[in-house]
Structure formats: C-alpha cells, structure tokens
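The next block holds one structure in the form of structure tokens; read it before the comments.
The values are calculated or read from the model by the stated rules, or taken from the named source; none is laboratory data. If you're wondering where the values come from, they're calculated on a predicted model, not measured in any experiment. Quick reminder, even Gly has a Cβ in these numbers, built from the backbone with ideal geometry, and neighbours come from all protein chains shown. Note: accessible area is taken over every heavy atom of the protein model, side chains too, but ligands, DNA and RNA are not part of it. Shrake-Rupley method; radii C 1.70, N 1.55, O 1.52, S 1.80 Å.
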Amino acid sequence: MAKQAKTAIQPTRSEDFPEWYQQVIKAADLAENSETRGCMVIKPWGYAIWENIQQQLDKYFKATGHQNAYFPLLIPLSYFEKEAECAEGFATECAVVTHHRLEATKQEDGSTKMEPAGKLNEPYVIRPTSETIIGAAFSRWTESYRDLPLLINQWANVMRWEMRTRMFLRTAEFLWQEGHTAHETKEEALEETRQMHSIYEKFLREHLAIPTIPGEKSEAERFPGADMTLTVEAMVQDKKAIQAGTSHFLGQNFSKAQDISFTARDGSVQHAWTTSWGVSTRMIGTLIMAHSDDDGLVLPPRIASQQIIIIPVTPKEDTRDAIIDACEALAKTLRAKSFHGEPLRVLVDKRDLRGGEKKWEWVKKGAPLRIEIGPRDLESRKVCLQRRDQASNEKSFLEKETFLRNVEETLQEVQDTLLDRATEFRDSNITECSDIATFEKYWSEEQPGWLITPWAGSTEEEETLSKKHKITIRCLPLDKQAGDEAPCILTGKPTMARAIWGRSY
C-alpha cells in the first residue's frame, strides 16, 4: 500500500472533521478561545476576513436604501415580556445583568474579593437579538405613514449563552449585523424580506464562493415571533448543513407588542409591518468548512485578508536588496490594480524566515496567490506563481508582464474554481427520496448528505422524525414548491411542497 502523503493539518478531514476544523483555525491563526467562557478572541487574520465581509455586504445594504444605526447592548427585561413568543424562544440563552456595582471586601489572606452590590430595580438582558429595543425606538419614530418605511441596520455584538460552543459557528458572544425595517403595508414588508434574502444568497455565492439553497423555514424551525423565515442553507464538506443567513417577515406581531403605529392615508391608526434579517461571524465558520483542505485554510480572493503574498527568496546577501526592491515595486504596481472595484490587497513578506517556512504559513492561512521572486527570476524578469486552489507543490513560471496583465483574471479563476467545486460537491450529495422506508434507512449511513422529499406533515410529525434521526428540515426550497404533485413520504397526502432534510451545525 502506498504511503499516504503527510498533510499540514492533522487530523485530516476524513479522519476527524470537527478536530480538523479546530486545527485549521489554529494553523491559520484566525482565532483562539478566550478566558471568558464560550467566547473567542478573533485574531487579525480572522478579523480582516470579517472586515471584508462587513464592508462588502454593507455596500449592498446602502445601495438598497438602508442606513446604519446603533442601539443599546442592555435591554430592559420588561421589553421581552411584551413579546412573549420571542422571549420564550431565547429564554434559555439569555445572560442577565442584575447589579450595577461591585464592592471590595478584604479577605483574611490579604486578597480582595469583589462582590456584586446595588441590585437593579429591573434586570437587563444582554441582547440576544434587538427586535424589542429597536421596536421601542421605531414606536417613537413613527407617527404618520410619511415616516415609513424605516430601513435600519446595526453592526453589533450579541450574546447567547450557548452550552456547547465551537469557534465562529457557535459562541456565547458573536459579531453580526441585524437589519430591522418597518413598512406601511404587508406587501412592502414581504418584498423587503425577499429582497434581503436574495442579497444574502448572492453575497455568499459571488463573494464567498459558497452556493446555498434559498428556501423557507418550516413552522417548527421559524424564528420565534415571525410569520415567515427565509433562509440560505449551505452544505459543508462533512455534508452537514449550516444556516448561513436568515430574513424574517414579522407581520404585525412585534409592532403590536411595541406599539409601532401610525396614522394611515385614510386617517385611521394602523400598526406597521416589520422585518428583521441578519448574518454573523458564522459565515467565517461556513467559509472554513466549505473550502479548506488538509493543508489548511482556503480563501476566495474576494474575501481574503490578503489576496497576493509576495515572498522574496534571498539566498545570498549581495542580491537581497535588489530582490526586495523588485518585490516592493511589484506590490506597488499590483496595488494600483483593482479586483471587483477594490484595490488589490498585497503583502510583501520580508520576515527573516526560511522560504519554506513562509510558504507553508501562507498555504495554511489560505492566501489565494503566492509569488516568489529569487535571483534567477530577477535576471529573467519572471515570477514563480502558486495558487491556493491548486496542489501546494504546483507552480508556474511566468513573465512578470504576463502575470501583471492577467492577475485579475487569475484571481477570478480561483474564485470560480472554488464555487464550482463547492456546487458540484453539494449537488452530488443531495438525493431525492419518495418513500419512508428509504428515508429511514438513509440516516443510518455513516456520513449522510441531504434528502429532498415531498412533504405535507404536521409540525408534530416533523419533530418526531427530527428527534428520531437527529435531523431537521433545513428549508422548503423556493425553486421546488411549484413542481409536480407527489404523495408526502410520511402521510401520503398529495403535495407540491418539497423539504430538504439534513444534519446541521
């Protein structure tokens, strides 16, 4: 038997996917666990990815008329009591502030113990989501139909006291954006819900090279207090699903609880129709699991912290300055170019490390393109190009002018390759199923993908199947809801609806 090539990440994906994921994060220097239970420190390379997500997604929000604002981190408990369904949905995850100061008490051993003092008249919940506090502001801001629509987005942190955490995917504190809007009519609010849903699908596909299934959540999986939840579901390399973004039509549920009312065109008093929508740093976890390999992180160029790494190869001191000058000159030329309307992000790695160490660090960090320039390249006016979408030992030698002329095209090739791979993987692991016997047997497989089935079952029947097989309906895919009628796999009732089932993070 041929000896298996050693990889930079141990264990490999096939050996232990959850541990491989943790090791990719460590090797890429993205984040680390914090002293605060369930929280993480996002390190510069990882935070730069989030900054790119934030900046690029924010352009979509502003292009569709939304404005950014900021609301308090602490929400009065009474606000949650006004919207009982939402409060119950998040109750077990809420962190609560009950005191407003600390008092120092000296111990016998000379140490100081800090004790909470000054109990609050009303506790505050650290926001798990902001519908209630933003709804209160909307109530103050809305008097007439002329004040609508309100199109607000907030970039913020939230806290959900998770019992089992995993960096980026599920942490007690995480970063996100949450959009909140109020509208004069139901039709406008539904249009907003669908618009933001489509923006998320486009952003994941075009920027993160992640194909998703856009669909509607079942009633059992719907956001607490929503009339409709739309989702984009991504498949990662262990064939599990990740909910990568959601958009909620809240109807008038929150506006009635928060009294977001206005004088309508006919003089009557009406309640607004509201929406909320959001994505979080979970996107980075999805990105890691969707594209990375057994040598480390793989980043799509549009979202990469740095798109091109230039490594000077300086075996002799007498050529060192000339090589570094050539690398800096190349970087300057590249930074004057743009990719999808943004200047190229280029780094020259001048650290006093061996070339092999630098190469493997940038492989593990997922840099899309690596360029090496040594004495021979300086003489021949060539560069050594390595692409992260190719094998780590694969390289090509190009005339510098040729590389410069085609660099945007090369980056787009990497972007497209990652999307094509992820799409092919997803599509090959979604299976159509039309009978309950096949459905039951499928989930006993070691690493099942997703099943798509005709579905007309009740919420209770859905929950029974979900608990039995440790699965959920990921979504009712929007492009599959108006097809041929078929019998539901469980009830036998004729239905045109289709459901995608899978295991998830």
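Taken over region 224-260, residues that are surrounded by fewer than 24 Cβ atoms within 10 Å (Cβ to Cβ), farther than 24 Å from Arg170 by Cα and out of contact with any helix residue (DSSP H, G or I) (no Cβ under 6 Å at 6 or more places or on another chain) amount to 5.
The selection criterion, being free of Cβ contacts under 8 Å to residues at least 60 places away in the same chain and under 23 Å from the mean Cα position of the chain (by Cα), does not hold for Asp435. Against the conditions (1) outside any helix (DSSP H, G or I); (2) closer than 27 Å to Asn253 by Cα; (3) among the β-branched types (Val, Ile, Thr), Thr105 satisfies every one except (2). Residues in region 80-95: is at least one among the β-branched types (Val, Ile, Thr), modelled with pLDDT under 95 and either in a strand (DSSP E or B) or open to solvent by 40 Å² or more (accessible area, probe 1.4 Å) (or both)? Yes, because at least one residue in region 80-95 is among the β-branched types (Val, Ile, Thr), modelled with pLDDT under 95 and either in a strand (DSSP E or B) or open to solvent by 40 Å² or more (accessible area, probe 1.4 Å) (or both).
Would you mind stating whether Thr181 is more than 19 Å from the chain's Cα centre (by Cα), of a type in the set (Val, Ile, Thr), outside any loop (DSSP other than H, G, I, E, B) and modelled with pLDDT of 95 or more?
yes
Of all residues in region 358-399, those satisfying the criterion of being more than 28 Å from Ala209 (Cβ to Cβ) and among the charged types (D, E, K, R) are Arg376, Asp377, Glu379, Arg381, Lys382, Glu399.
I'd like to know if region 399-414 contains one or more residues that are surrounded by 15 or more Cβ atoms within 10 Å (Cβ to Cβ), among the β-branched types (Val, Ile, Thr) and within 18 Å of Arg503 (Cα to Cα). Within region 399-414, not a single residue is surrounded by 15 or more Cβ atoms within 10 Å (Cβ to Cβ), among the β-branched types (Val, Ile, Thr) and within 18 Å of Arg503 (Cα to Cα).
Does any residue of region 46-67 turn out to be within 30 Å of Arg205 (Cα to Cα), in a strand (DSSP E or B), open to solvent by 70 Å² or more (accessible area, probe 1.4 Å) and touching a strand residue (DSSP E or B) at 6+ places or on another chain (Cβ under 8 Å)? Scanning region 46-67 turns up at least one residue that is within 30 Å of Arg205 (Cα to Cα), in a strand (DSSP E or B), open to solvent by 70 Å² or more (accessible area, probe 1.4 Å) and touching a strand residue (DSSP E or B) at 6+ places or on another chain (Cβ under 8 Å).
Residue by residue, here is whether (1) among the aromatic types (Phe, Trp, Tyr); (2) in contact with a Phe, Trp or Tyr (Cβ under 6 Å, 6 or more places away or on another chain); (3) open to solvent by less than 10 Å² (accessible area, probe 1.4 Å) holds:
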position: Ile134; (1), (2), (3): no, yes, yes
position: Ile152; (1), (2), (3): no, no, no
position: Trp161; (1), (2), (3): yes, no, no
position: Thr171; (1), (2), (3): no, no, yes
position: Ala189; (1), (2), (3): no, yes, yes
position: Lys202; (1), (2), (3): no, no, no
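Inside region 173-187, can you point out the residues that are open to solvent by 60 Å² or more (accessible area, probe 1.4 Å) and out of contact with any Cys (no Cβ under 8 Å at 6 or more places or on another chain)? Correct list: Lys186, Glu187.
Selection of strands (runs of 3 or more DSSP E) fully inside region 193-275 by the criterion of at least 1 residues being free of Cβ contacts under 8 Å to residues at least 60 places away in the same chain returns 212-216, 228-235, 241-251, 269-271.
Restricting to region 439-470, name every residue that is more than 17 Å from Asp238 (Cβ to Cβ) and either of a type in the set (Phe, Trp, Tyr) or open to solvent by 70 Å² or more (accessible area, probe 1.4 Å) (or both).
If the condition is that a residue be more than 17 Å from Asp238 (Cβ to Cβ) and either of a type in the set (Phe, Trp, Tyr) or open to solvent by 70 Å² or more (accessible area, probe 1.4 Å) (or both), then Phe439, Lys441, Trp455, Glu460, Glu463, Thr464, Lys467, Lys468 are the ones that fit.
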